[in-house]
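Trainee: To start, I am sharing the structure in question, which I have written as C-alpha cells.
The values are calculated or read from the model by the stated rules, or taken from the named source; none is laboratory data. On a predicted model such as this, the values are computed, not experimentally measured, just so you know. Virtual Cβ from ideal backbone geometry, glycine too; neighbours counted across all protein chains shown.
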Amino acid sequence: MAERIYISEFDVPRLQALVDRHWEGRDGAAAERLAAELDRATIAAPDQLPSDVVTMHSRVAFEDVRSGAVREVVLVYPAASDASAGRLSVLAPIGAALLGLRVGDRIEWPLPGDRTATIRILHVAQPGRAGETAA
C-alpha cells in the first residue's frame, strides 16, 4: 500500500457525503474502503497538491502489475461513470484504489470474489493542469 495519499480539500465533503449515502446497501463495502482511504489521506488545498496525484476528474494511466495490462481512465463520481467511455467511478474497486496515489505508487487492492489487484500508477493528468479540463 502506498504510504501516503493526497486528497484535495475541495473533494473531501463530496466524497464523505458519497460514503455516507452508500454505507449501507449494495455499495457498502466500496464505501467502507473509500472511507478508510479518506481517513488515512493527507488533505491539501488544490493548489498545494503534487501535480502527479490522482484527484477526482484526473485522467490516469495504470498498470495491472500481474498481467502487464495498461488502462487509462478518468476518475469520476458514480453518476458520471461510463465504462465504455473510460469514466471510472470512485466507488468502483479500482476507482477507490486510485484516489490519492502518485505516479510510481503501487497498491494491492481487494476485488470482488476474494481476488486482489496490484496496480501501479504510470501517468496522471489533473484537471486544470497542463491544459486539462474537468471531466
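Trainee: Looking only at region 18-32, count every residue that is within 17 Å of residue 114 (Cα to Cα) and modelled with pLDDT under 85 and tell me the total. Working first, answer last.
Mentor: Step one: filter region 18-32 for residues within 17 Å of residue 114 (Cα to Cα), giving 26-30, 32.
After this cut, where a residue has to be modelled with pLDDT under 85 as well, the list is 26-30.
Total meeting the criteria: 5.
Trainee: Additional query: Can you tell me how many residues in region 14-49 are over 16 Å from residue 77 (Cα atoms) and polar (S, T, N, Q)?
Mentor: Residues that pass the stated criteria total 2.
Trainee: Identify the residue in region 44-63 that is over 12 Å from the mean Cα position of the chain (by Cα) and surrounded by 15 or more Cβ atoms within 10 Å (Cβ to Cβ) and, among all such residues, is nearest to residue 121 (Cα to Cα).
Mentor: Looking at the filtered set, the residue picked out is 63.
Trainee: Taking residue 113 and the conditions (1) farther than 22 Å from residue 18 by Cβ; (2) assigned to a strand (DSSP E or B), which numbered condition does it fall short on, given that it satisfies the others?
Mentor: The single condition residue 113 does not satisfy is (2).
Conditions tested, residue by residue: (1) over 25 Å from residue 44 (Cβ atoms); (2) at pLDDT 90 or above.
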site: 76; (1), (2): no, yes
site: 86; (1), (2): yes, yes
site: 100; (1), (2): no, yes
site: 111; (1), (2): yes, no
site: 114; (1), (2): yes, no
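Trainee: Taking strands (runs of 3 or more DSSP E) that do not extend beyond region 1-95, which have at least 2 residues that are within 21 Å of residue 111 (Cα to Cα) and of a type outside the set (D, E, K, R)? Can you show your working first?
Mentor: Values: elements: 6-8, 42-44, 59-64, 70-76, 87-89.
Hits in region 1-95: 59-64, 70-76, 87-89.
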